[in-house]
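The values are calculated or read from the model by the stated rules, or taken from the named source; none is laboratory data. For clarity, every value in this text was computed on a predicted model and none was experimentally measured. Note: ideal-geometry Cβ built from the backbone for every residue, glycine included; neighbour counts use all protein chains shown. For the accessible areas, the whole protein counts, side chains as well, though only heavy atoms, and no ligand, DNA or RNA atoms are used. Shrake-Rupley method; radii C 1.70, N 1.55, O 1.52, S 1.80 Å.
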Amino acid sequence: DLGRGDCVVIEAEEGGVLPVTRIVNGREIRKNVHTMDVPAFPLDIKDIPGGEHQLGEFLSACHRAMPSASTDPNRYVLNCVFCHLAQNAVVATDGRRLTRIPLADFPLDQDAIIPITNVLKNGLLKKEQGRMGVLTEDEVSFLEIDTGEWRYQLKCAEGRHPNYEQVIPDA
């Protein structure tokens, strides 16, 4: 939505912060955008197989589960959202709190431990329908969410998610 004479300047990255300057009607607006660690991104765009799914339901479940994830940097796997195929559920826990949200349309054909990234948190990928899939190569999994407008790939966390089912009482 830039008008005539308006522009956006993106500077070189400095220490995990990307300075962005927008000039609107001759006034300069500066903002620092925090970036992700490079290892969280795949090195190359992968050809990840996937099918059409209800992305809105899945992304909403992830957003609702994220507050229960750990923020302790030493608990890397618990800093993520666990997508559990056997239970068709999205799970997050910090060891004290546990959120488990079952899904009617589970979009993945395998388990995945998805890091909580700014792209997933900010709602940029919010769309009802879209393509989603996971690819595992050399014991490393990559997730892709394709909304048609945006195509987002990230490297899934490596590790084993704790057995959260042992703390849920039987019906």
Quick check on my filter: what residues within the range 79-94 are under 14 Å from the mean Cα position of the chain (by Cα) and touching a residue at least 60 places away in the same chain (Cβ under 8 Å)? N79, C80, F82, V91
Can you tell me which residue among Y152, Y164 is surrounded by 11 or more Cβ atoms within 10 Å (Cβ to Cβ), of a type outside the set (A, V, I, L, M, F, W, C) and either in contact with a Ser or Thr (Cβ under 8 Å, 6 or more places away or on another chain) or touching a residue at least 60 places away in the same chain (Cβ under 8 Å) (or both)? Y164
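Does at least one position in the range 110-123 carry a residue that is among the acidic types (D, E) and over 16 Å from the mean Cα position of the chain (by Cα)?
At the first step, the residues of the range 110-123 found to be among the acidic types (D, E) are 111.
Then keep just the ones that are over 16 Å from the mean Cα position of the chain (by Cα); that gives none.
Within the range 110-123 (the criterion being among the acidic types (D, E) and over 16 Å from the mean Cα position of the chain (by Cα)), the answer is no, since none of the residues qualifies.
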For residues in the range 124-146 being touching a residue at least 40 places away in the same chain (Cβ under 8 Å) and within 26 Å of N32 (Cβ to Cβ), which is surrounded by the fewest Cβ atoms within 10 Å (Cβ to Cβ)? K126
If you scan the range 136-151, which residues turn out to be part of a strand (DSSP E or B) and either of a type in the set (V, I, T) or modelled with pLDDT under 90 (or both)? T136, E137, V140, I145, R151
Given the range 48-120, what strands (runs of 3 or more DSSP E) lie entirely inside it while holding 3 or more residues that are out of contact with any His (no Cβ under 7 Å at 6 or more places or on another chain) and open to solvent by less than 60 Å² (accessible area, probe 1.4 Å)? 80-84, 89-93, 112-115
